[in-house]
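S.K.: For reference, the structure I am asking about is given below.
The values are calculated or read from the model by the stated rules, or taken from the named source; none is laboratory data. Everything numeric in this text was worked out from a predicted model, so none of it was measured. Note that each Cβ is placed from the backbone with ideal geometry, even for glycine, and that neighbours are counted across all protein chains shown. For accessibility, only protein heavy atoms count, side chains too; no ligands or nucleic acids. Shrake-Rupley method; radii C 1.70, N 1.55, O 1.52, S 1.80 Å.
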Amino acid sequence: MLRIFLLGSIFGITLTMGEVISWFRIQEMFRFESFHMYGVIGGAVVLGVLFNLAAKRGQWKAEGGKPLDIYQYEFGWKRYLLGGTVFGMGWAITGACPGPLFITLGAGYWPIVIAIIGALIGTFLYGIVMRNLPH
Amino acid sequence: MLDLQPWPWYVTGPIIAVTMATLLLSGRRFGISSNLRTMCTIAGAGKVSDYFKFNWKSQSWNLIFILGTVAGGAIARFLLLSPGPVDINPDTASALQSIGIEDAGNAYAPSILFGPDAWHHPVALAMLLLGGLCVGFGTRWANGCTSGHAISGLSALQWPSLIAVVGFFLGGLVVSQGLLPILLPLL
């Protein structure tokens, strides 16, 4: 578990040093006025694709010999488009997606606590009304 | 303390990919927003909805990961990063200044939303609460956030993730073009 804590720390340091947790960088991104965030996400995705291709070709295994738990999302579009849109609105208002919500707290911008409470309430509300939503 | 300069995208992006790869090779998945569900489960939300009935202990490693990110944010901000402003595009800075964010271009985060003044400002607090609500509700509805869809899902060439990312930008555009120009001048 210490390893996981350290990995999380590296991730938190990286997103802070890379200004990914800055509300200003997110505004720039949604206004299409800077390459920075596209470079960050695009760079991660390009390397991620290469990793997944190499892992598939080399039949890489996770610790304990299990296959890698690579994401397979259920087919469909409604939940992804609608849920994604709602999340995108929240991302643009707070300047934080879920990782940065917590990293911003560590960086000492205390009012983000209100957004974290909001995110927990939002998650709870989803659990209540999910049966009535298109998926 | 060390006054380091911010890291460019070609340092930040690859480290994010390494984080994802390390979690996969350890038999786990890179997905932050599922922690919100775990936290609701621990708080007893399973009494109200089956969505929260699952063995949260299988996800406890992810909570440790989150604790690590909090520590990382503190280490970077207080020990490593030079306390300078984020060097955003001057066009973005002047546009934000014109709708009430006076420190755009001169700060790491807008003080009206993230500084001590925010506590005295009902509109700022309401914005943070509403934004947070959308983040929690939307990521659970879409079954993933930036880490799960934009990074992990796109890396695995998952169509649903591409649809989700299109949604992220639709929502972001609606807010940055429509909502913020109305809300921010109220601050």
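S.K.: Tell me, what HN-Hα J-couplings in whole Hz come from the Karplus equation 6.51 cos²θ - 1.76 cosθ + 1.60 at θ = phi - 60° for each residue of the range A:47-59, using x for Gly and Pro?
M.R.: Whole-Hz 3J(HN,Hα) from phi for the range A:47-59: 5, x, 4, 4, 4, 5, 5, 5, 5, 5, 4, x, 6.
S.K.: If you find the alpha carbon centre of the range A:87-124 and of the range A:23-55, how far apart are they in angstrom?
M.R.: For the range A:87-124 versus the range A:23-55, the Cα centre distance is 20 Å.
S.K.: Let me ask another. Among A:A119, A:A107, A:A54, determine the one that fluctuates most according to a GNM of chain A built with springs between C-alpha atoms less than 10 Å apart.
M.R.: Comparing A:A119, A:A107, A:A54 in a Gaussian network model of chain A, the most mobile one is A:A54.
S.K.: For A:K78, give me every one of the lysines with a C-alpha distance below 19 angstrom, ignoring sequence neighbours fewer than eight places off in its own chain.
M.R.: Answer for A:K78, where 19 Å is the Cα cut-off: none of the lysines qualify.
S.K.: In square angstrom and rounded to 100, what buried accessible area do you get between chains A and B, total over both, with the probe at 1.4 Å?
M.R.: Summed over both sides, the interface buries about 10400 Å².
S.K.: Also, quick follow-up: Taking the Cα centroid of the range B:73-101 and of the range B:128-177, what is the distance between the two, rounded to the nearest whole Å?
M.R.: Each part reduced to its Cα centre gives a spacing of 23 Å.
S.K.: Also, quick follow-up: Would you compute, for the Cα atoms of the range B:147-187, the largest minus smallest coordinate along each principal axis and list the three values in descending order, in whole Å?
M.R.: Computed over the range B:147-187, the largest-to-smallest principal extents equal 42, 15, 8 Å.
S.K.: Which ³J(HN,Hα) values, rounded to whole Hz and listed in residue order, are derived for the range B:97-105 from phi using the Karplus coefficients 6.51, -1.76 and 1.60 in 6.51 cos²θ - 1.76 cosθ + 1.60 with θ = phi - 60°, glycine and proline given as x?
M.R.: So the J values, rounded to whole Hz, are 4, 6, 10, x, 8, 5, 8, 4, x.
S.K.: OK, next. Cross-link partners among lysines for A:K56, C-alpha distance below 21 Å, same-chain residues fewer than 8 apart left out?
M.R.: A:K66
S.K.: What fraction, in whole percent, of alpha-carbon pairs in chain B exceed 28 Å separation?
M.R.: Value for chain B (Cα pairs over 28 Å): 39 percent.
S.K.: Please list, in chain and number order, the residues 5+ apart from B:I32 or on another chain whose amide H is under 5 Å from its amide H, with Hs placed from the backbone.
M.R.: For B:I32, the qualifying residues are B:C145, B:S147, B:G148.
S.K.: In whole percent, and with a 1.4 Å probe on the protein chains, what portion of the accessible area of the protein assembly as shown is carbon and sulfur?
M.R.: That share works out to 67 percent.
S.K.: So, one more: Where does the protein assembly as shown land on Rg/Rh, using Cα atoms and the Kirkwood Rh?
M.R.: 0.95
S.K.: Taking every eigenvalue of the Cα gyration tensor of chain A, multiplying by 5 and rooting it, what semi-axes result, largest first, whole Å?
M.R.: Computed over chain A, the values are 27, 22, 18 Å.
S.K.: With the convex hull built on the Cα atoms of the range B:1-83, state its orientation-averaged projected area in nm².
M.R.: The number I arrive at for the range B:1-83 is 6.9 nm².
S.K.: Average partner chain C-beta neighbours within 10 Å, per residue of A:60-66?
M.R.: 3
S.K.: May I pose another question? Scan around B:L81 for amide H atoms under 5 Å from its own, H built in the peptide plane at 1.01 Å from N, and keep only partners 5 or more places away or cross-chain.
M.R.: Those lying under 5 Å, H to H, from B:L81 are B:L4.
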